[in-house]
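Down below is the structure, laid out as structure tokens.
Please treat every number below as a calculation from the coordinates, not as lab data. Predicted model, so just to flag it, every value in this text is computed and none were measured. Virtual Cβ from ideal backbone geometry, glycine too; neighbours counted across all protein chains shown.
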Amino acid sequence: MTARGIRNNNPGNIDFNSRNAWQGQLGLEAGVAKPRFARFDTPENGIRALGKLLINYRGKDGMPGVGGEGIDTVLETINRWAPSNENDTQAYARAVAKRLGVHPTDPINIKEPTTLRVFVESIIIHENGSNPYKDQVISEGVRRALA
């Protein structure tokens with residue numbers, strides 16, 4: 001069976017919120033007992049929303065004693081993305097940091113295209129068990145997020 005995030009064209013499993021007018025958002029997922037996540041028209045727009053959220057986190061308050069001002073490390077970003085009440089945030093952050101080639105508490109520049117792409121791919125893999133998308137789909141979603 002296809003992972004929920006892939007079925008919804010929402011590979012980051014972004015919660016649905018009617019106040020978020022994401023490009024290509026179709027509404028709340030359908031066909032599940034407890035709908036929670038947004039649905040998108042294309043994977044590119046789901047990846048765009050994922051990238052935009054990661055970039056927007058930069059301006060939010062980070063964790064005391066971690067990184068610099070705001071959210072600027074893998075650990076802080078994943079702590080915001082996948083809170084510990086639902087996830088093993090530490091393991092998630094270690095997995096993403098490993099793919100990026102950094103320590104979870106090292107400052108990163110999420111607006112750097114390669115960094116954002118690897119971060120997005122890491123979340124897709126973690127949230128869905130694999131990355132089913134072709135390179136051009138990821139590239140277009142990341143390009144839209146940075147535009």
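What is the set of long-range amide H partners of F37 at a cut-off below 5 Å, with H atoms built 1.01 Å from backbone N?
F16, E29
Rounded to the nearest 0.05, what FRET efficiency is calculated for E112 and Q136 with R0 set to 22 Å and r the Cβ-Cβ distance? List each step's numbers first, then the result.
On the way: r = 20 Å, r/R0 = 0.90.
The value I calculate is 0.65.
Cβ under 10 Å from R117's Cβ, R117 left aside: what net charge do those residues give with Lys, Arg +1 and Asp, Glu -1?
Numbers: positive: R143; negative: E112, E121, D135.
With Lys, Arg at +1 and Asp, Glu at -1, the neighbours total -2.
How would you rank 10-16, 32-38, highest first, on the average number of other Cβ atoms within 10 Å across their residues? Mind showing how you got there, number by number?
Details: 10-16: 22.1, 32-38: 13.0.
In decreasing order of mean packing, 10-16, 32-38 become 10-16, 32-38.
Between region 99-147 and region 52-74, what is the C-alpha centre distance in whole Å?
Computed from Cα coordinates, the inter-centre distance equals 16 Å.
Pull out a ≥ b ≥ c, the square roots of the eigenvalues of the alpha-carbon gyration tensor of region 52-147, then state rounded if a/c is under 1.5, prolate if not and a/b is larger than b/c, and oblate in the remaining case.
Values: a/c = 1.82, a/b = 1.31, b/c = 1.39.
Oblate, because a/c is 1.5 or more while a/b does not exceed b/c.
Under the 0.36 nm per residue contour assumption, what length would be gained going from the current alpha-carbon distance of H103 and I55 to full extension?
Values: separation 48, 0.36 × 48 = 17.28 nm, distance 1.91 nm.
Between H103 and I55, full extension yields 15.4 nm more.
Tell me the relative contact order for the chain as a rounded percent, counting alpha carbon contacts under 8 Å between residues six or more apart.
Values: 228 pairs, mean separation 36.7, N = 147.
RCO, the chain: 25 percent.
Under 10 Å, Cα contacts only: if you run a Gaussian network model on the chain, which one of E112, E127, E86 comes out with the highest mean-square fluctuation?
E86
Output ³J(HN,Hα) for region 36-48: one whole-Hz value per residue in order, computed from phi by the Karplus curve 6.51 cos²θ - 1.76 cosθ + 1.60 with θ = phi - 60°, and x for Gly and Pro.
Each residue of region 36-48 in turn: 9, 9, 6, 10, 10, 6, 9, x, 4, 6, x, 5, 4 Hz.
What ³J(HN,Hα) values, in whole Hz, does the Karplus curve 6.51 cos²θ - 1.76 cosθ + 1.60 give for region 71-82 when θ = phi - 60°, with x put for Gly and Pro?
Values, residue by residue: 8, 9, 10, 4, 4, 5, 5, 5, 4, 6, 5, 10 Hz.
What does the extension gain come out to for Q90 and V66, with contour length at 0.36 nm per residue minus their alpha carbon separation?
On the way: separation 24, 0.36 × 24 = 8.64 nm, distance 1.35 nm.
7.3 nm is the gain from fully extending Q90 to V66.
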